[in-house]
Every structure is written in C-alpha cells, then in structure tokens.
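As structure tokens, the structure follows; a few thoughts come after it.
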Amino acid sequence: MTNRYAVVLAAGQGTRMKSKLYKVLHPVCGKPMVQHVVDQLNTLELNELITVVGFGAEKVQDQLGDASHYVVQEEQLGTGHAVLQAEDILADKEGTTVVVCGDTPLLTGETLQKLLDHHDSEQAKATILTAHADDPNGYGRVIRGGNGQVERIVEQKDASDEEQAIQEINTGTYCFDNQALFQALQNVSNDNVQGEYYLPDVVEILKNESETISAYQTPDFSESLGVNDRVALSKAETLMKERINERHMRAGVTIQDPTNTYIGPDVKIGQDVSVYPGTVLEGETVIEEDAVIGPHSTIKDCFVGKASVVKQSVATNSRIGERVQIGPFAHIRPESSLGDDVKVGNFVEVKKASFGDGSKASHLSYIGDAEVGSGVNIGCGTITVNYDGHNKFLTSIEDDAFIGCNSNLIAPVTVGKGAYVAAGSTINKDVPAEALSIARSRQTNKEGYATKFKSIKKD
C-alpha cells in the first residue's frame, strides 16, 4: 500500500465566529471541530499527520497532543501557502497526501477512504472531494471540460455569472500525489481578488502539465459543511446530533425524543437502553444494556452498568454498577464508585466516595471522601464532615452499618461493621463493630412553658 499523509488546515483565526475561542476548537456535540477531523483521518492508517496552526497554536496543540505534528503559518496568505508550511516534512516523500480543513467536523472516515480509493483507481495526481449543492453560494465551483474531466476550480469571488450557476462544489478536501503537490505549490500565484495563494490552483497547474485530475462526489452534502460562524456551528451541531442518534437507534437503543437528546460522538450505548428527553451523554461514557437514562440527566465520562436507572440527575467521571437506582435530583461527582444494587436517592450528593453492593443513601445527604461498605443504610440528612478548611479526611462506614437520620460523621472516623449510629448524632470518634453510638444532648421537657410564654408575650 502506498504511503499516506494528511495535512489539516487549522491556522485561520475565524473572526466571523466573534469569539475568544480559536475557531477549530469550538465544539460540535461536545468535541472540538479539529478533533473530529483528526479522529476521522486516523481511521486511514496514516504514516504522518501534520496540522497547520497559526493563531491559537498552543491551544490546538494542547487539544490534539501527540496525535499530530505541527507547523506554523505565521501570516494568513491562503490555503496554498498553509499547505506549503509542511514542505520541510513532506516534500521529498513518495505517496498520497490528503488535505482537509479543520473546520469540517461532519466529514467521515468512510468518505475519506472512498476518496483515496477513487484517487488510486484513477491513478490521478489530484482528486477533489466534491458535492452537489442546491444552493452553491459561497463555495468554489468545479469546472469540468467537455469530456467530464476536471479542468479547474474557481472560487466564488473570482467566478463569472455562468460559473456561479454550477452546482458541483469543491468541499475543500483533496488527495494529491505528494511530490506533485509540493512541486506545483512553487508555481501558485496570488493574482486574484483576495491576493492569496489558493490551494485549488494546484489543480489547474497539474492539468496544464497534462496530469490526470479526478473528482469523487460524496452523496452526502452535509459532510462538506465548513463552519465559519455561529449559524454554521449550530447547523453542524444539529446534523451531527441527528447522525449520532440515528446510529444508536439503529443499533438497538430507544431514544424517545431524538430532537431533545444530546449524545457525544464517543459515547457507547448497549442494546435495549432507553434514553428519555433532555438527556446529555458526554465524553467517554459507556451505558450498558437495559439501562434507563433520564429524563433530564447529564452523564459525562461515566460507566453505567446493566439495568441501572439515572433519573433527573448528574454524574461525572464515575463508575456506576448494575441495577443501581439514582435520583431524582442526585449528583454523582468525580471519582465515585457505586457497586451493584446501590440506591442514591433524591437530593443526595456523592463525591469521591465508594459504595459497596446494596448500600443506600435514599435522600438529602452528602457523602464525600468516604468508603461505604456493602449493605449500609444511610439515613436522611446524613453528612460526612470531610473538610476542616485546609485538608480533606476519610470517613469509613463498614458493611451492614446503619446510620440514623441527621447524623454528622466528622472525619477521620470509622463506623464499624454492623454498628448503629442513633439519629441526630454527631460522631467524632470511631464506633466499634456492632455498637450503638449516641452523641446528642439529653432531651429536657419544660412542662407548661408554652402557656407561660404566651402570657408574657401578651403583657
């Protein structure tokens, strides 16, 4: 197989976004646009991937990390000039180079593979990814000769009225013979309305050298969408959401209201999971089969086991076992782990805590920096008092312990196996196994006090 390289154009500032955030870092379904592009390119088994950066270079590098090499375009002098920045790395290498814009998040690896296959089968020096547009305004037009072969590409601002009527558009994605690409770039001129060095001019240069120029037309126009402003960003979000939700539904997931369900591109969902409206699933979340999520739940970077239910709740960076009941209105904060058959009920917050199998905190509690064993019952209003203003401390509640309502467990503290803590207690010493701990003031009743108080009040 021929060597394959890719160049991602990500140097433009994106002034039309009117944002402090660098354009290609704006997220679509929770993932930055340029990350979408790089992830799809990496399905092609590339020998090398190079990202051309400019404004906001460090932030792009922070996002992509070691997935790419980087070159800097100091001045924004056009797409041809941008690709030329990779010359020192690629110019002498044999193979095929794919050039993709970093603001085309809907482009798929499948389409890129078909583009490469077409390029190889045609033995072309350049192959353009095109699409049919009902409204081609704003796109470069693909000009074909009488034999149907590609003659050149004309940018919107340089096109004649006749050329602007053409509906086959250039998506901005190409395959080139690598050495032919960099040789032709030396001859690209900036003699145009914008005074820029256009990458599409390489096509005309190669054509004039009698090289084979081909085009592969994708049947899905949406893949050509380049995001230059917030309106296009919203369109990309909608299209990506529809694509993701349809993929899950066809794989056996019930999404009751796809229009109001938001699932990230890297989320994995098992068969017979039900997702209800208002749900947001983000990051590297995994939902196993038969789970019920929502309505109105947000889950990010979590594992959710089989047949668990998460209603009107938020969970982040945590592991949730099988047949767990969460919510309504619970908050599972990062680094928490819930075993099987656990219940975390309404208005319970769990933070950096583990629950053993079958343990319950049914309502109105805060369990933070805690190790909770199996079969533990935590009563309403219980708080693990984990912070002294400087440091966090651990609370340990061992198997089968029972914590009465409105108890304060002042860490560091351990409640032993099978022990009881009486309701209303403030515990600041370890409780032995099987013991009953009572830490509250003795009740005193003042007989006749209410009558006396009322008479004083009247006077």
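Quick check: is even one residue across the stretch 299-321 among the polar types (S, T, N, Q), open to solvent by less than 40 Å² (accessible area, probe 1.4 Å), under 18 Å from the mean Cα position of the chain (by Cα) and under 20 Å from residue 254 (Cβ atoms)?
The answer is no; no qualifying residue exists.
Pull up the stretch 202-222, narrow it to residues that are open to solvent by less than 40 Å² (accessible area, probe 1.4 Å), assigned to a helix (DSSP H, G or I) and within 16 Å of residue 100 (Cα to Cα), then point me to the one that is modelled with the lowest pLDDT.
203
Tell me the strands (runs of 3 or more DSSP E) entirely within the stretch 40-112 that contain at least 2 residues that are touching a residue at least 60 places away in the same chain (Cβ under 8 Å).
Fully inside the stretch 40-112 and qualifying: 96-101.
For the condition of a type in the set (Ser, Thr, Tyr) and buried (at least 17 other Cβ atoms within 10 Å of the Cβ), what is the one hit in 425, 441?
From the options 425, 441, the qualifying one is 425.
Can residue 159 be described as open to solvent by less than 50 Å² (accessible area, probe 1.4 Å) and without any contact (Cβ under 8 Å) to a residue 60 or more places away in the chain?
When the stated conditions are applied, residue 159 passes them.
Out of the stretch 361-409, which residues are more than 16 Å from residue 333 (Cβ to Cβ), in a loop (DSSP other than H, G, I, E, B) and hydrophobic (A, V, I, L, M, F, W, C)?
Selection gives 376, 380, 393, 401, 405.
Would you confirm whether any residue within the stretch 354-368 is small (Gly, Ala, Ser) and either touching a helix residue (DSSP H, G or I) at 6+ places or on another chain (Cβ under 6 Å) or over 19 Å from residue 324 (Cα atoms) (or both)?
No, every residue in the stretch 354-368 fails to be small (Gly, Ala, Ser) and either touching a helix residue (DSSP H, G or I) at 6+ places or on another chain (Cβ under 6 Å) or over 19 Å from residue 324 (Cα atoms) (or both).
Yes or no, residue by residue, for (1) of a type in the set (Asp, Glu); (2) part of a helix (DSSP H, G or I); (3) open to solvent by less than 70 Å² (accessible area, probe 1.4 Å); (4) under 19 Å from residue 107 (Cα atoms):
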{"residue": "128", "(1), (2), (3), (4)": "no, no, yes, yes"}
{"residue": "131", "(1), (2), (3), (4)": "no, no, yes, yes"}
{"residue": "138", "(1), (2), (3), (4)": "no, no, yes, yes"}
{"residue": "143", "(1), (2), (3), (4)": "no, no, yes, no"}
{"residue": "146", "(1), (2), (3), (4)": "no, no, no, no"}
{"residue": "153", "(1), (2), (3), (4)": "no, no, yes, no"}
{"residue": "166", "(1), (2), (3), (4)": "no, no, yes, no"}
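Name the single residue that is nearest to residue 174 (Cα to Cα) among those in the stretch 79-117 being polar (S, T, N, Q) and open to solvent by less than 30 Å² (accessible area, probe 1.4 Å).
Going through the qualifying residues, I end up with 97.
Please go through the stretch 133-143 and pick out each residue that is in contact (Cβ under 8 Å) with a residue 60 or more places away in the chain and within 20 Å of residue 205 (Cβ to Cβ).
Within the stretch 133-143, 140, 142 qualify.
The values are calculated or read from the model by the stated rules, or taken from the named source; none is laboratory data. Being a predicted model, the structure only gives us computed values, none of them experimental. Neighbour counts run over all protein chains shown; Cβ positions are idealised from the backbone, glycine included. Only protein heavy atoms, including side chains, enter the accessible area calculation; ligands, DNA and RNA are left aside. Shrake-Rupley method; radii C 1.70, N 1.55, O 1.52, S 1.80 Å.
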